[in-house]
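**Q** For reference, the structure I am asking about is given below.
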């Protein structure tokens, strides 16, 4: 029988068995999972890519204001 896949916890580096025995995978614990979530919420992590926010909202500035009836 083959050995289960083991990965490193992204937060602390501890080994984590990739199976149903590790419900927080790829994290070693709920604590490490919440630490990572907090880092995303604090914008300490980011997915690389082009900053498109200015392009998306720039057309809204040029559009005439909407009028209600």
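Conditions tested, residue by residue: (1) modelled with pLDDT of 95 or more; (2) in a loop (DSSP other than H, G, I, E, B); (3) in contact with a strand residue (DSSP E or B) (Cβ under 6 Å, 6 or more places away or on another chain).
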position	(1), (2), (3)
1	no, yes, no
4	no, yes, yes
13	yes, yes, no
32	yes, no, no
37	yes, no, no
48	no, yes, no
60	no, no, no
66	no, yes, no
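**Q** Of everything in the range 1-28, what is free of Cβ contacts under 8 Å to residues at least 12 places away in the same chain and either surrounded by 15 or more Cβ atoms within 10 Å (Cβ to Cβ) or touching a helix residue (DSSP H, G or I) at 6+ places or on another chain (Cβ under 7 Å) (or both)? Give them in sequence order.
**A** Scanning the range 1-28 gives 22, 24.
The values are calculated or read from the model by the stated rules, or taken from the named source; none is laboratory data. Because the structure is a prediction, the values reported are computed rather than measured. Quick reminder, even Gly has a Cβ in these numbers, built from the backbone with ideal geometry, and neighbours come from all protein chains shown.
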